[in-house]
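A short worksheet on the structure shown next.
The values are calculated or read from the model by the stated rules, or taken from the named source; none is laboratory data. Just so it is clear, the model here is predicted, and its values are computed rather than measured. Cβ coordinates were reconstructed from backbone atoms using ideal geometry, including for glycine residues, and neighbour counts include every protein chain displayed.
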Ligand SMILES: Nc1ncnc2c1ncn2[C@@H]1O[C@H](COP(=O)(O)OP(=O)(O)OP(=O)(O)O)[C@@H](O)[C@H]1O
Ligand SMILES: [Mg+2]
């Protein structure tokens, strides 16, 4: 089944990119979920869409060839900085930053898209992902970003973990909460921009959170949860890409459905484990 | 070597328009165990937040280890167990070991990793609070009192010289409260750690602390437990603003 993916260049690019985002999306997703920020990923993916639409508009109307990957990334990072600032402004209602940025992203997207007189098939690909959209250049960029993200998370792992668990305590201990938050949200923005080609705007947050939701049911401790999330994310991407390709379905859909299947299995596994334990103690 | 761990001079503090602390002057000598008591809303937690630099006084000055608070940076000398610890996010997927390790994060510093030595320190702190059987258990699966002990281990792991505890025994059962005070006594006497502890359990507090302070907007009393016991019923009701026999544990 893998044969096609290794044979055709465009599929190979997609496949390797998929393997990378199968690592970085759940990696960042783990921190996002434990900090109860799942919706931030959605807000940022819609801002990324605005950036992509902007890039396509430039290309179509002004013949400026800027890969939408870059314009999407720029918008996403700017959006992430804005979210952090808004969260600082509305201390007691931090979640309000999310609808503000999300609707702003959608609004801008609509404007850019109509200014460009629409771009239907491309837009469809960006919304739901595509198996054939990753160019050689995109792949190199995403590979660079992935390595960067993994190194930074490795370096700041204990700080991010400590801050996620108990922000007040971390601040008292002298951690620079503000800068670490900013770093974290910018990394999140990069992951989203990198993932959108394959999973699509509407489903990128699912790849960040569903594998985490599944591993949360069965893992012991944070590190184990992190590793398991990546395993689940990887499984979802690989199975989703291959089945999407053979069934001619955008991979966003198949990846998310595989993720949901894994989530259901993990819930059942947990139930069985508890059931067995209870039976043992009864005997 | 410093002789005074905390000193507060003419501290006033208000949340918006509500005056909470009025003209507070006091210091905590190194090696002492100060029990801070007072009614709900008396400003105890606020006082601790001021010491930790989480909020700024409207007037007055605070010094930690002889340094003005805004210049103080050796936060690893201070361990803190907050009143909120027992209402934290129970679902957080972290093992006891991982939670205690967080007490070392800032001390180890940026761009450095935990070494074998750090891991031994973490184990030791867990043993100190008698929780070694639960080292790899998820923190969410422990009882409230057990969790509280883990948070104490997190405060102890960085070898603090000054330990601040805001009602750490809420939710801890009777026998463990006793063990807990023994642990504090041992830390205070053998390792010479200075203590500031808030509790509504006046009886146990006067038994174990070397000094007692009563806070109700103003500092109404600061002295030895004997002196506190010598206070008349009249003094007490003035200090506490109500009948002292009422010991509240709910939050
Ligand atoms: N963040 C805040 N904003 C506004 N007012 C506050 C805030 N925190 C505390 N207060 C008020 O300040 C007063 C002192 O509160 P504080 O928490 O310091 O009391 P406490 O002595 O610790 O009480 P308890 O025994 O209940 O823990 C209370 O009247 C409270 O309503
Ligand atoms: Mg309090």
Let me spell it out: the conditions are (1) within 16 Å of ligand 2 (Cβ to nearest atom); (2) exposed (fewer than 13 other Cβ atoms within 10 Å of the Cβ); (3) touching a residue at least 12 places away in the same chain (Cβ under 8 Å), and residue B:59 meets all of them except one. Which number is the exception?
(1)
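In the list B:97, B:80, B:13, which residue meets the criterion of being part of a strand (DSSP E or B), surrounded by 15 or more Cβ atoms within 10 Å (Cβ to Cβ), within 14 Å of chain A (Cβ to nearest Cβ) and touching a helix residue (DSSP H, G or I) at 6+ places or on another chain (Cβ under 8 Å)?
Testing whether each residue is part of a strand (DSSP E or B), surrounded by 15 or more Cβ atoms within 10 Å (Cβ to Cβ), within 14 Å of chain A (Cβ to nearest Cβ) and touching a helix residue (DSSP H, G or I) at 6+ places or on another chain (Cβ under 8 Å) leaves just B:80.
Could you pull out the residue among B:232, B:248 that is loosely packed, with under 14 Cβ neighbours inside 10 Å, within 12 Å of ligand 1 (Cβ to nearest atom) and either at pLDDT 70 or above or more than 12 Å from residue B:34 (Cα to Cα) (or both)? Quick ask: steps written out before the conclusion?
Values: B:232 fails: within 12 Å of ligand 1 (Cβ to nearest atom).
B:248 is the lone residue from the list that is loosely packed, with under 14 Cβ neighbours inside 10 Å, within 12 Å of ligand 1 (Cβ to nearest atom) and either at pLDDT 70 or above or more than 12 Å from residue B:34 (Cα to Cα) (or both).
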Which of the residues that make up the range A:130-153 are closer than 19 Å to residue A:35 by Cα and either within 14 Å of another protein chain (Cβ to nearest Cβ) or touching a strand residue (DSSP E or B) at 6+ places or on another chain (Cβ under 6 Å) (or both)?
A:152, A:153
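When you go through A:156, A:119 one by one, which is the residue that is more than 14 Å from every other protein chain (Cβ to nearest Cβ), more than 18 Å from residue A:41 (Cβ to Cβ) and either surrounded by 15 or more Cβ atoms within 10 Å (Cβ to Cβ) or touching a helix residue (DSSP H, G or I) at 6+ places or on another chain (Cβ under 6 Å) (or both)?
On the way: A:156 fails: more than 14 Å from every other protein chain (Cβ to nearest Cβ).
Only one candidate qualifies: A:119.
State yes or no: is residue B:54 under 30 Å from residue B:3 (Cα atoms) and surrounded by 19 or more Cβ atoms within 10 Å (Cβ to Cβ)? Let's see the steps before the verdict.
Details: under 30 Å from residue B:3 (Cα atoms): yes; surrounded by 19 or more Cβ atoms within 10 Å (Cβ to Cβ): no.
So residue B:54 fails the test.
Quick one: is residue B:47 assigned to a helix (DSSP H, G or I) and more than 14 Å from every other protein chain (Cβ to nearest Cβ)? Outline the logic, then answer.
Numbers: assigned to a helix (DSSP H, G or I): yes; more than 14 Å from every other protein chain (Cβ to nearest Cβ): yes.
In short, yes.
Taking residue B:205, is it buried (at least 20 other Cβ atoms within 10 Å of the Cβ), in a helix (DSSP H, G or I) and within 16 Å of ligand 2 (Cβ to nearest atom)?
Working: buried (at least 20 other Cβ atoms within 10 Å of the Cβ): yes; in a helix (DSSP H, G or I): yes; within 16 Å of ligand 2 (Cβ to nearest atom): yes.
Yes; evaluated as a whole, the condition is true for this residue.
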Within the range A:184-197, does at least one residue satisfy the condition of being away from every other protein chain (no Cβ under 14 Å) and not in a helix (DSSP H, G or I)?
no
Would you mind stating whether residue A:88 is over 21 Å from the mean Cα position of the chain (by Cα) and assigned to a helix (DSSP H, G or I)?
yes
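Here is a check on your reading of the model: is residue A:173 surrounded by 17 or more Cβ atoms within 10 Å (Cβ to Cβ) and modelled with pLDDT under 90? Give the steps one after another, and end with the answer.
Numbers: surrounded by 17 or more Cβ atoms within 10 Å (Cβ to Cβ): yes; modelled with pLDDT under 90: yes.
It is true that residue A:173 is surrounded by 17 or more Cβ atoms within 10 Å (Cβ to Cβ) and modelled with pLDDT under 90.
From the list B:215, B:184, B:104, B:163, which residue is within 14 Å of chain A (Cβ to nearest Cβ) and in contact with a strand residue (DSSP E or B) (Cβ under 7 Å, 6 or more places away or on another chain)?
On the way: B:215 fails: within 14 Å of chain A (Cβ to nearest Cβ); B:184 fails: within 14 Å of chain A (Cβ to nearest Cβ); B:104 fails: in contact with a strand residue (DSSP E or B) (Cβ under 7 Å, 6 or more places away or on another chain).
On inspection, the qualifying residue turns out to be B:163.
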If only one of A:109, A:38 is over 20 Å from residue A:208 (Cα atoms) and within 20 Å of the chain's Cα centre (by Cα), which one is it?
A:109
